[in-house]
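J.: Structure below; questions to follow.
The values are calculated or read from the model by the stated rules, or taken from the named source; none is laboratory data. This is a predicted model, so every value here is computed, not measured. All Cβ positions, glycine included, derive from the backbone under ideal geometry; neighbour counts span all protein chains shown.
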Amino acid sequence: DAKTTQPPSMDCAEGRAANLPCNHSTISGNEYVYWYRQIHSQGPQYIIHGLKNNETNEMASLIITEDRKSSTLILPHATLRDTAVYYCIVRPFVYGGSQGNLIFGKGTKLSVKP
Amino acid sequence: AAGVIQSPRHLIKEKRETATLKCYPIPRHDTVYWYQQGPGQDPQFLISFYEKMQSDKGSIPDRFSAQQFSDYHSELNMSSLELGDSALYFCASSSNWAGTNEQFFGPGTRLTVL
């Protein structure tokens, strides 16, 4: 079972920041928070991941609370092409050797509106 | 940049027939994953291979089998197809020595069982 809880849907106005929350209250010390998104019927796409520090890349920012029980994905200037299902996934980070699969929960369907 | 290639992109089969889906990972990626996504569902992990050996097994039916070949491509073999096998099948690949542990997904194979 997925170890995360996300709101089923959210709306965002084009050009505004989209803030997508995720609860992961049972996260273990060695688990990272990963975010993927799936644009309609396409393969899921990696967005960002983090352990305990805030992270930023060219796609998004990830804010993780100090207790690591929740996080927020921020798309700073949402566009219509950001309309997708966003999945928050917790999993161990493994360097070398066999890695674990992704367990997709229900995700948040983000609709960006003009 | 090279992406994950899946073939065929669309496949129509009758009940009780067999199907073979192929996946060509990104060059130098050593792990392949298979996911199944039914209509209106979230992706579900089926099976994965690391260095040509099965590494993890998820909710893969006994009618399905998979393997990873010496060139790292993978095939998912599905026998005695049922109507409920109609789904999108995604293959993903990753490198255990890359910095993000991210999985790169292919465009998927849409299987329709009539």
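J.: Of the conditions (1) surrounded by fewer than 21 Cβ atoms within 10 Å (Cβ to Cβ); (2) among the aromatic types (F, W, Y); (3) within 14 Å of chain A (Cβ to nearest Cβ), B:F105 satisfies every one except a single condition; which number is it?
T.: Only one criterion is unmet by B:F105, namely (1).
J.: Within the range B:48-73, restricting attention to residues that are closer than 22 Å to B:W97 by Cβ and surrounded by 20 or more Cβ atoms within 10 Å (Cβ to Cβ), which residue is nearest to the other protein chains (Cβ to nearest Cβ)? Please lay out each step first, then the result.
T.: As a first pass, look at the range B:48-73 and keep what is closer than 22 Å to B:W97 by Cβ: B:48-56, B:68-73.
Narrowing further to those that are surrounded by 20 or more Cβ atoms within 10 Å (Cβ to Cβ): B:48-49, B:68, B:72.
Details: B:S48: 6, B:F49: 9, B:Q68: 12, B:Y72: 14 Å.
Ranking the candidates gives B:S48 first.
J.: Considering only residues that are more than 21 Å from A:I103 (Cα to Cα) and buried (at least 16 other Cβ atoms within 10 Å of the Cβ), look in the range B:76-102 and name the one that is farthest from the other protein chains (Cβ to nearest Cβ).
T.: Ranking the candidates gives B:L81 first.
J.: Something else: Give the residues of the range B:1-29 that are surrounded by 19 or more Cβ atoms within 10 Å (Cβ to Cβ) and either of a type in the set (S, T, N, Q) or within 12 Å of chain A (Cβ to nearest Cβ) (or both), sorted by residue number.
T.: Scanning the range B:1-29 gives B:V4, B:Q6, B:C23, B:H29.
J.: May I ask you to verify whether A:C12 is surrounded by 14 or more Cβ atoms within 10 Å (Cβ to Cβ), under 10 Å from the mean Cα position of the chain (by Cα) and away from chain B (no Cβ under 11 Å)? Don't jump to the end; show me each part of the working.
T.: Numbers: surrounded by 14 or more Cβ atoms within 10 Å (Cβ to Cβ): yes; under 10 Å from the mean Cα position of the chain (by Cα): no; away from chain B (no Cβ under 11 Å): yes.
Judged against the criteria, A:C12 is not a match.
J.: Something else: In this structure, does A:Y86 turn out to be within 14 Å of another protein chain (Cβ to nearest Cβ) and modelled with pLDDT under 95?
T.: Answer is no for this residue.
J.: Say whether the condition of being assigned to a strand (DSSP E or B) and at pLDDT 95 or above is met by at least one residue in the range A:94-109.
T.: yes
J.: With the structure loaded, tell me whether A:K69 is more than 14 Å from chain B (Cβ to nearest Cβ), of a type outside the set (A, V, I, L, M, F, W, C), farther than 24 Å from B:G3 by Cα and in contact (Cβ under 8 Å) with a residue 24 or more places away in the chain or whether it fails that test.
T.: yes
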